[in-house]
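Note sheet for the following structure.
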Amino acid sequence: MHRRNAILIAALGVFAILAAASASGATDQDQTNIRKLGQGGRSEVLLGNLVAGQASDPRVIDFAHLMVLDHSMNGGKLQPIAAANGVTIPDEMDNDHKKMQAKLDRRPRGTSYDRTYMDEMVKDHTKDLQEFRKAADRASDPQFKSWIQQSIPALQKHLRLAKIVRGQL
């Protein structure tokens, strides 16, 4: 009898978790995109902190600080959506940003380092905009879709600023 009650309780717990996940409106694709976009933003924060301490041009340092500030704030807005959908956003850099960091580590400090970072930021934010638009088109969770749509103008601003700073180096 004890064992049967334990199995029944465990089954009810699984059903409750499944019901909560389906009630959130998030699909597996949403969960994947929440994790991916969230980790990308977290990666911008980590890389921005690194570059802010190693870049030499004040414009590049300011841009890196902006990445830390904007992506931290945006990640904070995504966190409750991720939690409501049972998604944990990794704290480590994604592979693309790890490659950027490795590329930067091979550059001497100074103009070469700063240009490399800004070149990578132009490429990265161009790619980010494509990914965000694609995710918005496919999102089924209304809160996640809204977060994506609210994020796009900041990404557009980042891309525009990255191109300006890159052009001034």
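Bear in mind that the values in this text are calculations on the coordinates, not laboratory data. This is a predicted model, so every value here is computed, not measured.
Find the percent of Cα-Cα distances in the chain that exceed 23 Å, and round it to a whole number. It would help to have the intermediate numbers written out before the result.
Numbers: 6463 of 14196 pairs.
When every Cα pair of the chain is considered, 46 percent fall beyond 23 Å.
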- Of Lys98/Lys127; Lys99/Lys123; Lys77/Lys127; Lys77/Lys103; Lys77/Lys134; Lys103/Lys145, those spanning more than 23 Å from alpha-carbon to alpha-carbon: Lys77/Lys103; Lys103/Lys145
